[in-house]
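These notes concern the structure reproduced below.
The values are calculated or read from the model by the stated rules, or taken from the named source; none is laboratory data. All values derive from a computational prediction rather than experimental measurement. FYI the Cβ positions are ideal-geometry reconstructions off the backbone, even for glycines, and counts take in every protein chain you see.
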Amino acid sequence: MSRRVFAGINVVDFGWIGVGPITARYFADHGATVIRIESLTRFDGLRMAPPYKNATPGLNNSQFFANFNAGKLSLGLNMATPEARAIARRLCVEWAHIVVEGFTPKQMRAWGLHYDDLAPARPDLIMLSTCQLGQTGPYAMYAGYGNMAASLAGYYTITGWPDRGPCMVYGAYTDMLTPGVGAALLAAALDYRRRTGKGQWIDLSQFETGVNHIPTAILDYTVNGRIANRRGNADDRGCPHAVYRCRGDDRWVAIAVFTDEEWTGLVRALGTPAWTQAEKFATQAGRKAHEAEIDAHIAEWTKTQDAEQVEAILQSVGVAAGVVATQSDLHQDPQLQHRGFFAWREHKVMGRSPYDGLMSHFSKTPGDVGPAPLLGEHYEAVLTGILHLSDEAIADLIARGVVEMMLE
Amino acid sequence: MATTPQKDYLLTPYRVLDLTGETGFMCGKVLGDLGAEVILVEPPSGHPARAIGPFYGDEPHPEKSLFWFAFNTSKKGITLDLTQPEGQKLVRELVRCSDIVVESFAPGYLDALGLGYRALSASKPDLIFTSITPYGQTGPRKHWKGTDLTLQARCGFQYLLGDPDRAPVRISVPTIAVKAGVEAANATLFALFHRNTTGEGQHVDVSIQAAGVWQMMNATSFPIHHGTNQRRAGDRYNAGFGNARAILPCADGYVTFFTAGGHMGAPTLYAISRWMESEGKLPEWMRGKKWEEWDLARLATDRKAQQEMDELNETIATFLATKTKWEIFERAFTERILAAPVNNVQDLVAHPQLNARGFFRLLAHPELGTDILYPGHWALMNNAQAGPRFRAPRIGEHNEEVYGRLLGYPRAQLQEWRRRGLV
């Protein structure tokens, strides 16, 4: 019995930057064969984006690219040539179960690789097309990155402090939300095909995915007319519910109390100082009404302690608390370590490097993270092993710049 | 508003028993929106999450929680007291006719009731049992408490958000359990695919903390490779592409503008230069500039390059301050400028792109005498659809259907259970 969920499932990954490649990585992690189609002449921007091994830029030295493309094969194709497009088409039509692409809507059509071009030959093909605003609608051709889609989806309005302007959400936030949805849709479409024989073209909008992750705020507007705004770390119910400065350089701890029981725990952890016994703090509503006062007391308590110390004391009395972890902290985090979250893998150029690992543990089919490919590394495995081209034909394709690679 | 087209849903043959609380609702919602029959189990007195606001008409009431509405679309609802032995027996009967169980209790809680994965899978080895907890089912912190705030902190994401001179912030609308719920859904479907290949079920153990790390766009390896930590930068973009002010005030709000160098940012800088020139506002120093030569890595480290970036940034900010969000969006659209309005929820509901695609769905709430507009489909598909099918269940709404039609108990039995507070 196979220990890998998608053993025997083939994926052609035309994604680039974040969403397409991360979506395809879920399947590589669980045993599918994923061929990342890329190019040297028009390389994926992430190949020249930090972090780089030893902080040194290089097409095969970016962890940003490596992380999102772990465990895949890479085929370099100059898609400006008809031979390259023919190879890509053969992979889609003769080999793939799933095709993933993440260009603006006209690109695949220009290459003759649109779903409409492939489906007549392969009606059972499952294809995920993901772009910023979706394949249809007046603004379908809008081009951008996840930091634009996150802005469009409303995230910057609700990040920061009410007395100041909006803040960025680090990175390209919808790129972090959309792949999980894409993976769910693809897995459901695979199952649907197994039952019905029908393929699927999935048009996944990164803008819409962003909106789908804040449904409460949408309903508060469509029902109550309220427009959600940024509110620091405040919460309607929690009190205290804030981030407090601790000892050290930029060290903080988050504390969230929702019930009387948790408040009692917090008071005990504080050593039951006199201020906590005031009548006005006896109920959650009373505490909420005097939140600023409580915050000031707690900040006084935390500022002389290590964030880890505060976290441990509070967790021991049943209060939710969390160190505001730096990236360095994550690599020391005993829980993430126990769960083997960071997958250190040997990359041919980068050497041992940490990949972000699996979010979910599977008791029977654990999955695994493989190292990322060099640009065009697997041309033989693909062209010989899958497409059965002769050595001469391959040499010719390389000589004429149809097949590209950068192997150092 | 587009009416629901008559296409298949992808997961119609499957039944899900949803035993989750507020941190786990999203998983069942996704499965239900994709067509699975999801039966949400809540205590006889109603689920505590019904007390979470905001509320319909701002009136706190267990049948008016918009939080409940938002995360429990496409689910049926029954009541059952899991702490009574007879309740446990009924859960086992429900599990027998389900494909999937989703739960978000503290690790060990269901085991103590004889309803954990080990017990349930013993009589049903093809069961998929998905657990969603703050830190996962194993490890030294498996019993730690976690909320949106403390988990955003502990996963490392919060450190990257907020103004540098104040405390780090979370996104003001909770998102970490929403993301984790989506991850639980795809993991559950992976396990379902495996079951349908091999007949073997399994336990899927989702860590909300780990899902949270996957919000960080690979900032995680900066300390390993660069010996530094990425830090929050307020309204500036600082994810390794230079450090530029990324949120600029415009005539009627704010826009985000991506001032990146190199191949990624050059087309935008040429396009904005053309726009400025067309209005006679292009400063001399920007004329004829080779923007591709702004190497990203150099921008991150070279102080002079950073000064030039700052100057460019302020020049563009001054120019855009006279334009509206829509002018900028239209221009960004036609000229491929990396810019977008900083929208709010009002902008979203009115958005011509979302509405042209029929994104929002109107769900009937007959008890409230109204329909409510919900987000939204998950994707558009040629042979199927995915999105909220019907509103969240009222307390015990489907007791008769589930206990009667599904499990075959007579109505009198249900009445007797009701008297004993079992349902």
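Results, tabulated for the structure shown:
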quantity	calculated
Residue check for A:Gly322: within 7 Å of chain B (Cβ to nearest Cβ) and touching a strand residue (DSSP E or B) at 6+ places or on another chain (Cβ under 9 Å)	yes
Residues (among the basic types (Lys, Arg) and away from every other protein chain (no Cβ under 12 Å)) located in the range B:51-84	B:Lys75, B:Lys76
For A:Ile98: the one exception among (1) in contact with a strand residue (DSSP E or B) (Cβ under 9 Å, 6 or more places away or on another chain); (2) farther than 28 Å from A:Asn147 by Cα	(2)
In the range A:317-361, the residues that are assigned to a strand (DSSP E or B), outside the structural domain of A:Thr259 (by TED's automatic domain parsing) and buried (at least 23 other Cβ atoms within 10 Å of the Cβ)	A:Ser353, A:Tyr355, A:Ser360
Only listed residue being at pLDDT 95 or above, closer than 16 Å to A:Ile37 by Cβ, crowded, with 18+ Cβ neighbours inside 10 Å and out of contact with any Phe, Trp or Tyr (no Cβ under 6 Å at 6 or more places or on another chain), chosen from A:Ala84, A:Ala110	A:Ala84
Pairs with Cβ under 7 Å, 6+ apart, first in the range A:74-99 and part of a loop (DSSP other than H, G, I, E, B), second modelled with pLDDT of 95 or more and of a type in the set (D, E, K, R)	A:Asn78/A:Glu404; A:Met79/A:Arg85
So A:Arg247, is it modelled with pLDDT of 95 or more and exposed (fewer than 15 other Cβ atoms within 10 Å of the Cβ)	yes
Test for A:Phe64: is it outside any loop (DSSP other than H, G, I, E, B), within 12 Å of chain B (Cβ to nearest Cβ) and more than 30 Å from B:Trp294 (Cα to Cα)	no
Test set (1) over 27 Å from the mean Cα position of the chain (by Cα); (2) in contact (Cβ under 8 Å) with a residue 60 or more places away in the chain - A:Ala320 fails condition number	(1)
Residues within the range B:65-97 that are assigned to a loop (DSSP other than H, G, I, E, B) and touching a residue at least 40 places away in the same chain (Cβ under 8 Å), tallied	8
Residue count for the range B:145-183, restricted to those that are closer than 19 Å to B:Asn72 by Cβ, within 7 Å of chain A (Cβ to nearest Cβ) and more than 10 Å from the chain's Cα centre (by Cα)	1
Number of positions in the range B:358-395 that are small (Gly, Ala, Ser), surrounded by fewer than 18 Cβ atoms within 10 Å (Cβ to Cβ) and in a loop (DSSP other than H, G, I, E, B)	1
Unique residue being within 20 Å of the chain's Cα centre (by Cα) and not in a loop (DSSP other than H, G, I, E, B) when the list is B:Leu348, B:Leu312	B:Leu348
Any hit, the range B:205-216, residues being hydroxyl-bearing (Ser, Thr, Tyr), in a helix (DSSP H, G or I) and facing chain A (nearest Cβ under 7 Å)	no
Of all residues in the range B:243-292 being in a loop (DSSP other than H, G, I, E, B) and among the polar types (S, T, N, Q), the one that is nearest to A:Cys167 (Cα to Cα)	B:Asn243
